[in-house]
Structures are given as structure tokens and as C-alpha cells.
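Okay, structure first, notes after.
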Amino acid sequence: MSPTWKRFRDAFRRHPTALVGGAILIAMVAIAILAPWLGTVDPLAVFPSQRLHPPSAESWLGTDMLGRDVYSRVVYGARVSLIVGLAVAALSTLLGLAIGLVTGYVRRLDAVLMRIMDGLMSIPSVLLAIALMALTKASIGNVIVAITLAEVPRVVRLVRSLVFSLREQPYVEAAIAAGTTLPRILVRHILPNIVAPLLVQGTYVCGSAMITEAILSFIGAGTPPNIPSWGNIMAEGRSLIQIASYLIVFPGICLSLTVLAVNLLGDGMRDALDPRLARRM
Amino acid sequence: MIAYIVRRLFSTIVVMAVVAFVVFSLLYLTPGDPAAIIAGDIATDEDIRRIHARLGLDDPFLVQFGRWLWSLAHGNLGTSIFTNLPVTQLIGQRIEPTLSLTLCTLVVSILVAVPLGVVAAAKAGSWLDRAVMSFSVLGFSVPVFVFAYILILTFSVQLDWLPVQGYRSFRDGVWEWLRHLILPSIALGTVYVALITRMTRASMLDVLAQDYIRTAEAKGLAPEQVLIGHALKNAAIPVVTIIGVGVALLISGAIVTETVFALPGVGRLTVDAILRRDYPIIQGVILIFSAVYVLVNLAVDMSYVLFDPRIRLT
Amino acid sequence: MHKCSALLRSMTAVIGAVALVAGLIAPVATAQGQKVLKFIPQADLRILDPITTTAYITRNHGYMIYDTLFATDAKFQVQPQMVDKYELSKDQLTYTFTLRDGLKFHDGQPVRSADCIASIERWAKRDALGQKMAESTEVWTAVNDKTFTLKLKKPFPLTLEALAKPSSNVPFIMPERIAKTDASTNITEPIGSGPFKFVKAEWVPGSKVVYVKNTDYVPRKEPPSWAAGGKVVKVDRVEWIYIPDAATAAAALNAGEVDWWEQMPPDLIPVLAKNKDVKVENIDPLGSMGLLRFNFMYPPFNNQKMRQAVLYALEQNDYVLGIAGSQKNGHPCYSYFTCGTPLSSEVGAEPLKGKRDFAKAKELIKEAGYKGEKIVIIDATDQPIVHSQSLLTAEMLRKLGLNVDLQAGDWGTLITRRSSKEPIDKGGWSIFHTWLVGPDVTSPALNFAVRGSGQKAWFGWPDDPKIEELRDAWFAATDAASSKKAADAVQTRAFDFVPYVPTAQFILPTAYRTNLSGVIIAPITLMWNVEKK
């Protein structure tokens, strides 16, 4: 077994919660993919005469204010939260990596880019995301872009500090002295050592993005209403919390569980890689 | 040390300039037209064009930007499109609840989180440590508004111990002021507590592993003295940093908390303004929030001078 | 070092304790013995000018601080309010009005004829009925400070109805200098002669509006009936506290933190029902009319058959449930005039009433030659009434096999986008939903949505000379019988041309604590006569 895998295995043994997190995440992904078969009713179909029925044998999680089946909507809602979370994590990581590498290597651009990143970071992320959403029409794509833009600066910061510290390592200096080209240095020395922390940061970004999407939908600036997302379902049900709390409770539990799973996974991975990384995160 | 301070001040100004540019461009690009909203339901094209001219919305980008910067320099954040009141007045009216909320949350969170983190670090690996860490992860995972509704349902509706909503100024009595802030502070503070606890614990763990700690213990100092006198002071820098970074979290969370608890603060003002495309308010508020965030981080960086003597020498 | 820190610590503790005690025994800011009425309004008051906007929240604000020459009472009769006596000349061309004694504005100035004339002229520039009156007006003249005349070019039988108009826009009387403001610019000074005064210093937009009793107001002697009769204020101070979240509002009312909730979603009635200190009432006899509006400029709804198809598919009972929650707070209304008012009937309503005929609807769609054009429904997620309707319509159109795109935004975005005359791919729209309060839809004169004046019409811009002809014929009707016939003719044409589809009639109940009494039953929110024990 390779040393990396051994480290992961030991880490997960120390943090069984990370395994639980991973399992929950896989279950959620499965639910999202299998939604059309797991849902009992078309999540968009309205039955006004059956509105606001509490959970029962016919509708396992009850019906909402237009008679739509909450269980089916929650199952489909997994798709949105997961797509948004994973897409934002992936996009912000890639974008942050690109920008971070540039700042790490191109001195002149470093100052400019870092000021821009600082500027973006000083606008609270939810505020930035809402403002960006206000520019365009509501769609999942726009939500992903808006949240990504808000999360990128942090990734850039991480990559930049990693690149700086790695550049001073003796083996990198030796490689430069030996005349290795920049691309080779990047590929052989820098990137392999960045991947792990980036992955860990990615999981935190994923969780944060899912919550930001919920907040955006709650305020009314998130996913369009005809696409059920956990944030959406809670937003529509919030005024009825005293008579139909299941409208908030079930999506709320699903969202919290998924974010928890992602965070636990991130914790486990971080400990597996290097406990000292904790300081930087 | 002076060089350090000057450098930080300079970069602060540059950052604020970037923020100003971003904020202005953001809203310049917005497709929604405030003129149509002001003109009302039965407006004609003529009316809308007249309002455009009055608000100067037809001028080129740089002209509008320059005009905005100029009035900014005079402390004038513009006039709200809908209410015709100066933005500074609107923000001033609502700053008290937001300040009260963030102050309360900050105080409560730090008072809870730092000791928790220290204890968790001191007893690393024990069940106490695991419990603390589990709670902190939970704090990250449950969205603020979900937690807020749970608190309201339990403490206000069921038990009737605390008010559901609203804000009372401390001029009307300190106890009423606090009562109305307890639930919002707890809801908002959860994420903050989670963040600071983790950071404190991680930082303390790092420091506790250092040689000088072992020296202190060997010298015969009591464990509390080691923890607080030596370890905490050195662990302080990352913790203080995270407190500064967390202010952004607080501001974001304040928006949602103010909406749920009907606190008439700046967060709610912002959301209303954004959904309504009231440009001057949006610009003014984002600018102020960013300024606060930047200044807080500046203060944090300045405080390094206190904590880390090495900086005094650079 | 230890002693220093100990001293510091104890000093801080002492200072803290003193501050705490001082804070607790500090005099409470609000004066003792003042009766304060705390009210949750239906929306946030942003625009203070009730002439430039038709928004109901601004109209309600208008009723607080302004007064009107005439007012409509609960029997739909016109009653004098600011006017003491009035008469109409034999040739029906000259009205003479004399104001009551003691009418003063909040700045102390007496109300003069010039103020009334300027206010009416400004109102007539914006309001549809006022514009019609202005067409027949020759001149307004002030005889002296208390008497003024209106000279008409031809008889206008609705003159007094117009001056007594209960809902948007209401001809409120303002000081001349303010009324001289251009009719497209919002006024900024809220000075009127009404029973309350606006406290601008305490206004927090988006959160709180404060009014105090106008102690100089001279109310009429008659009992109050809708906006007519004596406006006797029985509290000292009124605070409008805007709480956007319905669940929070309900909890606040339950806890006694507010006294009166203007419009509550019927779904939350069970939350308040358990509390014996809270009363839920339907004080609004006319309710509101939901409507689905088409864009007549572009396909597919520029085609009459497509619009008629919707008539056959739309089930009003679904919309009743979606908007009002149950049949208790809403019912179908198959009419272009508010059900429960004299001109309303079900003439011509067969396609909309009765069992839904999807087959016929699909047939009409085929006849119309629908080629799969995209239908954009603009939605406002922050307005539950609009939102429910949008979702229901989207589902109905999907069942008909049409290509639907539901685009969400908020109310601010909706009212911006609906004014756009661009095609769909440039930000245009096909359908939007809204609702109009009962009093705004009672006749062809007031119902601006049923008009067919093309580019000058309300958003959607239906172009139908025939309906305009029938509307003008209604104005010419002289008695109740011919008026009803003319209205029926307008409605018959409306069900054929389909300027919009009425979706439901609903009443949003009001809720208030039992220590309040004297709440006036009216389709508009009025705050005089209310007492708090």
C-alpha cells in the first residue's frame, strides 16, 4: 500500500467521523443521481386541494402550500445543493489555482492581483453574492458563478502562501539553479504539494457554498422557484413554520447533514495530510 | 515598526480604492432600471426619460464614477432613490441595532470560544475535546436562519422567556436592550464560536508542542500559568487574525439574522435596497461594510505589534 | 504586576456594576399614559406621494395625514367630507363647493380654495377617472377662500364619484405650494389637513413610520362609514412597524408586541386562533381580485384564440386555494367587476366557469397556429399572492403542452420588467400576475385593466377599439338600468377579447388584539375611531 493511502487510512481510523461524513456524502450523491426513481411524484405538479397535509402514508414528508409533494421535492433538491456545492468547489479551486500561481510567480502582477483579491475579500461574501445575483436573472448557473467569485479570493490566498513557502524549499531552489524550466518546476514540485491542501480547502468551500445558496434562496436572490432546492423549499415555507414546520425541518436537516458530512470529510483529510496544516486553515 | 505601519496603511487605502471601483461597476452593470420603479405603475416613456436625466443615469461610466467619488470625498454617500433621504441618514438611523448585535455577538462568542478552545487543546484527545469539536463542526453546518427559527420556536413561542422579534434601544433600559439581543446573538454567534474555537484549539496545540512550553513546565510553573501566561499569548496571533476575518462572517450573518428577528439594522436595509435596485444605498452600505472589515483587519495587524515583538524590530 | 491587574480588575467590575444599575433605573423614553397603537402594515412605505403612485401602502399613508373633499360611504353613496355645502347648477355645468369651518393644515395654515383646486388638478393629471373628468372640465375658479366652482364643458355625472374616489388614486387635498409640484415628481413634504400628523424625524424607511394625533383636527359629527363621516382619533400615537416575515409577525401579535396586523395570510389563522387575546376578522367586504395579464404585443398571446384557450383551462378554484388557502377566505369570481358590487355579473363567463375543458383549449391552441413560441412568466417570489398564481399558471400551461419559462425575481424587478415593450429575447415578457383591490375594479370607469387603449393602456397594451367604444357608451349611460346594461356589454366583449383573466376573489383577514375596539369595516385601512384599552 502506498504511503499516502496508509496516511489516509490511519487518519480515518483516528477520525471515524470523517468516514461517517464520507458515507453520508456518497449517500446524498446517490440520492441526487437516482432522484427520478426515488421521487414518488413529479416535484413540480401542483394539487391545490391537497395543500398543507402533514406527513402521512400518501406523502411521506407532507405537502406544501400548493399541494406539491415535499418528499419528492427534497429528493430533487439534493441535486441543486450538490451541484452548486461541487461546482463552486471545483471552479473556485481551478480559478484560484490559476490566479494564485500567477501571483506566486509574476512579481508585478502579484501586487495588483492581491489588492484586487483583498478588495473582493473585504466585501462580505453573502453581500457580494446577492449583489452579483441582482445583476442577472436567477438560474443555477448564475448562482454558481456568483458564489464562486465570492470564494475565489480565499483560495488564491492559500495557493499564494503555499507557492511562496514551497519556492524557498531547498529542492526547488536546487531545481532552479539546475536550470529546470518553470513548467517542469510547477508540475514536478509545486503542484503535487498543493493538491492536498487544495482538496481540503475545496471541501470547506463546498460546504460554505451550499449554505450560501440556501441563504441566497432564503432572501429571494437564489435558485429560480421552479427548480426545487433545499434553500428554496425552506424559503417558501418559512412563513408557515408554526403550522407546517416540516417544510423547514426536513430540507434543513438534509442541508445541515450534507454540509456536516463535507466538513467532517475535510477535517479527516486535513489530518491525514498534515496536522500542521491546521494552522493555515 | 514605523515602516510596517506605513506599509499597512498604504495597502489599506489601495484596497479601499479597489472596493470603491468594484462596488460602483457592479451597480453600473445592473440591468434593472430604478427610473421605471420610481415612475410608478402608470408611467410613460417620457416620465422615465425625464427621471433618467434628473438622476444623471445617461452619462458615461467614468463621468458617473468620478461624480460619485467626488461626493464620497465630501462625506456624501448620495440620496436614496426611493425615499429621497440622504444615505448617511438612512444608515445612521439603523446603525445602532447592527452595532449592538455585532458587539453582543462578538463579546459572547469570544468569551465562549476562547476558553472552549483552550480547554479542548489542554485536554486534546479526550471526550471533552471530541465533544467541543463536534459542536463546532455542527455550528458550521447548520445555516443561521434554521438555527434562528429553532431558537424562536423554543424560547419565544413555546417557553415565552424571550421576545420574538424587534429591537429596543439601550436608552430605554439596558435589560430590555439585552433581552431582545440574546436570541439573535446566539443564532449569529454559533458560526463565529465554531470558527474561533477551532482556531484557538489548533493554535494552542501548535504552541503547546513547542520547546519553550516544556521549559516553562520544567521550571515548575503551574499548568494554568503555562496555559495562559505563555501559551495563549503566543497562540494569540492566529486567533486574533481569525477574529478579524470572522467579522466578514458576522456581517453576512447579520443580514439573515436581522431579517428573521426583524431588527431594523443596516443588514436588512441592504437586502431591501438590493432587491429594489436602490443604487445609492447599496453602494453606500457595501462601502461602509468593506471599510469596517478593512479597518478591523488593520487594527488586527496593528495588534501584532503588541503580541509579536519581532515585528517591532522590522 | 499582580497587584496592578487585581486593582484594574476590581475597578472594572465596580464601573460595570454602576453602569448596569444606572441603565436599569434610567427613565424610560416613552412618556407614561400615552396611548400608542402599534400596527403591522401590508408593505413598506417608501413613496410618500399618493398621487404619483397607485401603491396601496401610500394610499393608506394618505388617509392618515390628508383629507378629501368628498368620501364614499359603506352604501357606495357619496358624502361630503371637507365640503360643507355644495350645489349643481340647473344646466348641470357648474358645481359650487363651500368648505367647512376650522380646516387647517399641519403647519397651521388654513385650508383655502386655492389649495383644493391645485390638489385636484394635480390628481386629475394622473388618475384615469380624473383624466376623464378633466376632458369635460372647462375651469376651476376660487370665488373666495372658502368657496370655489367647477365649470364643465359638458355634463359629467361622475364628478362627485370622482372626488369621492376611495382607492388609488385618491384626490387628497394638499397645500397649494406642494400641489404645484409636477405630477411626475414625488412630493417630499408630507403636510396635509388630516386627522394624523406624520413625524418625519422618527421615520425609519423599511422599518418604522410614526404618526401622532392632530389635536387641531375638526371631525364631522356623523358616525364613521368607510372614509366618510367623523374622523375621531382615539389614540395619541400610531407606529407602523414593518415586519416582512409573516411567521415573525404572527408571533409578535401573539406576544402583544404589536396590536394590529393589517393583512395576514389566511394560512396562519390557526396560529392566532388559539390565543384568546387576538381576534381575526374579515373587515374588508369587497376583497381583492387576482388577475393574469397577457402581453398583447408579441406571440403567442397577441393571438385572441390563445388567450381564449387559457379561459377554458384556468381553474379559479385552484387559484382560490393557492392564494387564500381555503374557501373561507376566497371564492371564484367570474366577472370583470368585483363580485358583490352593483355592476358585477356572470354574463359571458361560460368559458371560465364550470368544468375545465382542456380538449377545447388544445383545439383553440391548434387553431391559433401555435408554433412552440416561448412563454415567459415574470414572477415575484416576495409577494405570495403573485408567486402562487405564477406557479399555478406555469403548471397549467405546461399541461397544455406549451413552452413555459418561469422567471423569478422580486416585486421591484417585476414592475420594472412589465413596463418593457421589448420582445421576449430582449427582456420582454408574456404573462404577469397581480391583484387589484375591490374598489378599483367596480366599474368600467375605475377598472383600468379592462381597457383596450393600445399603447396608452396599462401594461400589456391590449388594442381593442370595440371595448373602448363600449366603455365610452357606459359613461354616457344616465340611469342604473342602462348603466348595468352597458357594463354587461363591456364584460361580454371582455370575455371574447380577453384583456386579462380574473383568477380569484380573496379577502385577506385582519388580526388585532382584543383590547382594541372601533376598527372600521372597510375595503381600505382606516385608523381613526380605533380605541386601545
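Please treat every number below as a calculation from the coordinates, not as lab data. On a predicted model such as this, the values are computed, not experimentally measured, just so you know. Counting neighbours? That spans all protein chains shown, and the Cβs are built from the backbone with ideal geometry, glycine included.
Numerical summary
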{"item": "Listed pairs C:Lys200/C:Lys532; C:Lys328/C:Lys484; C:Lys85/C:Lys154; C:Lys104/C:Lys533; C:Lys125/C:Lys180 exceeding 19 Å between Cα atoms", "result": "C:Lys200/C:Lys532; C:Lys328/C:Lys484; C:Lys85/C:Lys154; C:Lys104/C:Lys533"}
{"item": "Nearest 10 degrees, 0 to 90: helix A:125-135 Cα axis against chain A principal axis", "result": "70 degrees"}
{"item": "Distance between segment B:158-193 and segment A:205-266 - C-alpha centres, whole angstrom", "result": "24 Å"}
{"item": "Cβ-based exposure ranking for B:Leu159, B:Leu90, B:Leu306, in which fewest neighbours within 10 Å come first", "result": "B:Leu159, B:Leu306, B:Leu90"}
{"item": "0 to 90° range, to nearest 10: angle between helix A:107-121 axis and chain A longest Cα axis", "result": "20 degrees"}
{"item": "Relative contact order (%) - criterion: Cα under 8 Å, at least six apart; region: segment C:367-438", "result": "42 percent"}
{"item": "Computed [θ] at 222 nm, deg cm²/dmol, the protein assembly as shown (DSSP H ≥ 4; -39,500 (n - 2.57); rounded to nearest 500)", "result": "-17500 deg cm²/dmol"}
{"item": "Percentage relative contact order, chain A, counting C-alpha pairs under 8 Å, at least six apart", "result": "27 percent"}
{"item": "Label point at A:Arg188 placed 7 Å out along Cα→Cβ; residues across segment A:136-177 whose backbone nitrogen lies under 11 Å", "result": "A:172, A:174-177"}
{"item": "Gain on full stretching of the segment that runs from A:Leu135 to A:Ala45 - 0.36 nm per residue minus C-alpha separation", "result": "29.4 nm"}
{"item": "FRET efficiency for C:Lys399 and C:Ala43, using Cβ-Cβ distance with R0 set to 25 Å, rounded to 0.05", "result": "0.15"}
{"item": "3J(HN,Hα) from dihedral phi, segment C:197-203, Karplus parametrisation 6.51/-1.76/1.60, rounded to Hz, x for glycine, proline", "result": "10, 8, 9, 5, 4, 9, 6"}
{"item": "Highest-fluctuation residue, B:Leu72, B:Leu249, B:Leu106 considered, GNM on chain B with Cα pairs under 10 Å", "result": "B:Leu72"}
{"item": "Crossing angle, helix A:16-33 versus chain A [Cα axis fit, 0-90 degrees, rounded to tens]", "result": "60 degrees"}
{"item": "Per-pair calculated FRET efficiency, R0 = 51 Å: C:Gln34 and B:Leu72 via Cβ, rounded to 0.05", "result": "0.75"}
{"item": "Listed residues A:Arg154, A:Arg68, A:Arg14, most fluctuating in chain A (Gaussian network, C-alpha, under 10 Å)", "result": "A:Arg14"}
{"item": "Mean Kyte hydropathy of 1.0 or more with a Cα span along the axis of at least 24 Å, helices from DSSP in chain B", "result": "B:2-28, B:87-122, B:233-261, B:279-307"}
{"item": "Cβ-based exposure ranking for B:His180, C:His433, A:His189, in which fewest neighbours within 10 Å come first", "result": "A:His189, B:His180, C:His433"}
{"item": "3J(HN,Hα) from dihedral phi, segment C:427-432, Karplus parametrisation 6.51/-1.76/1.60, rounded to Hz, x for glycine, proline", "result": "x, x, 8, 10, 9, 9"}
{"item": "Under the span-like rule (Cα at least 30 Å along the axis, Kyte-Doolittle mean at least 0.5), DSSP H helices of chain C", "result": "C:2-25"}
{"item": "Förster radius 51 Å - calculated FRET efficiency between B:Leu62 and C:Gln92, Cβ distance, rounded to 0.05", "result": "0.25"}
{"item": "Inter-centroid distance (Cα atoms) of segment C:131-173 relative to segment C:249-288, Å", "result": "39 Å"}
{"item": "Fewest-first sequence of C:Ser288, A:Ser161, C:Ser184 by Cβ atoms within 10 Å of each Cβ", "result": "A:Ser161, C:Ser184, C:Ser288"}
{"item": "Convex hull of Cα atoms in segment A:87-168, direction-averaged projection (nm²)", "result": "5.4 nm²"}
{"item": "Residues whose placed amide H lies under 5 Å from that of C:Asp463, excluding near-sequence neighbours", "result": "C:Gly454"}
